[in-house]
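Student: For reference, the structure I am asking about is given below.
The values are calculated or read from the model by the stated rules, or taken from the named source; none is laboratory data. Just so it is clear, the structure is predicted and the values come from calculations on it, not from any experiment. When we count neighbours, we look across all protein chains shown, and the Cβ atoms used for this are built from the backbone with ideal geometry, even at glycine. The accessibility values were calculated without ligands, DNA or RNA, using every heavy atom of the protein model including side chains. Shrake-Rupley method; radii C 1.70, N 1.55, O 1.52, S 1.80 Å.
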Amino acid sequence: MTNNDVLRRLRYTFEYTDSKMMSFFKLGGLEVSRAEVSDWLKSDDDEDFIELEDHKLASFLNGLIIAHRGKKEGKTPEAELFLNNNDVLKKLKIAYELKSEDMIELFQLAGKKVSKHELSSFMRRPTQPQYRELMDQYLRNFLYGLQLKQKSK
């Protein structure tokens, strides 16, 4: 999945306005304009489409965490320069205060069966032997499950 896909899905799932999204970026330590947000949300084949870089998505996700969980003491966390699907999943887990059972339920809503052990392997550090890379289809299913859960409220 591209960073733009993740941003689009979160926006439409939670019905975030441009202003709200800009505030998440700002909380994450990055000032962005409404035009930039708009260009990141455009479809990939639009001539004004701009690819969202990893560190910018990391800033957005960090801002999302701060908005939902509150700011920790000290300075704003530095946005990672490189993100993978595992990092995105971890940040969403933190931001929306999800427990393992909640995440498994979201996968099930999307029709994907994930065990507690499998989920745990996605949350580990890459240097650990039990680490497993989160493939695009898993992240896509997780975001879809999140959307289904949100829309049922």
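Student: Considering 121, 43, 100, 33, which residue is under 17 Å from residue 139 (Cβ atoms) and free of Cβ contacts under 8 Å to residues at least 12 places away in the same chain?
Tutor: 121
Student: Something else about it: Out of curiosity, is residue 128 over 30 Å from residue 31 (Cβ atoms), part of a helix (DSSP H, G or I) and either without any contact (Cβ under 8 Å) to a residue 40 or more places away in the chain or not hydrophobic (A, V, I, L, M, F, W, C) (or both)?
Tutor: Numbers: over 30 Å from residue 31 (Cβ atoms): yes; part of a helix (DSSP H, G or I): no; either without any contact (Cβ under 8 Å) to a residue 40 or more places away in the chain or not hydrophobic (A, V, I, L, M, F, W, C) (or both): yes.
Answer is no for this residue.
Student: So, in the stretch 57-91, of the ones that are in contact with a helix residue (DSSP H, G or I) (Cβ under 7 Å, 6 or more places away or on another chain) and under 16 Å from residue 121 (Cα atoms), which residue ends up surrounded by the most Cβ atoms within 10 Å (Cβ to Cβ)?
Tutor: Only one residue tops the list, namely 88.
Student: Ok, one more. Scan the stretch 15-24 and give yes if some residue there is of a type outside the set (Val, Ile, Thr), farther than 28 Å from residue 153 by Cβ and surrounded by 13 or more Cβ atoms within 10 Å (Cβ to Cβ), otherwise no.
Tutor: no
Student: Identify, please: which residue in the stretch 108-153 is charged (D, E, K, R) and open to solvent by less than 90 Å² (accessible area, probe 1.4 Å) and is, among those, nearest to residue 5 (Cα to Cα)?
Tutor: Within the stretch 108-153, the subset charged (D, E, K, R) is 112-113, 116, 118, 124-125, 132-133, 136, 140, 149, 151, 153.
Okay, now just the ones that are also open to solvent by less than 90 Å² (accessible area, probe 1.4 Å), so 112, 118, 124, 136, 149.
Details: 112: 19, 118: 24, 124: 24, 136: 11, 149: 19 Å.
Within the stretch 108-153, the match that is nearest to residue 5 (Cα to Cα) is 136.
Student: A further question on this structure: Of the numbered conditions (1) closer than 20 Å to residue 84 by Cα; (2) out of contact with any Ser or Thr (no Cβ under 7 Å at 6 or more places or on another chain); (3) surrounded by 14 or more Cβ atoms within 10 Å (Cβ to Cβ); (4) touching a residue at least 24 places away in the same chain (Cβ under 8 Å), residue 50 satisfies every one except a single condition; which is it?
Tutor: In the conditions (1) closer than 20 Å to residue 84 by Cα; (2) out of contact with any Ser or Thr (no Cβ under 7 Å at 6 or more places or on another chain); (3) surrounded by 14 or more Cβ atoms within 10 Å (Cβ to Cβ); (4) touching a residue at least 24 places away in the same chain (Cβ under 8 Å), residue 50 misses (4) alone.
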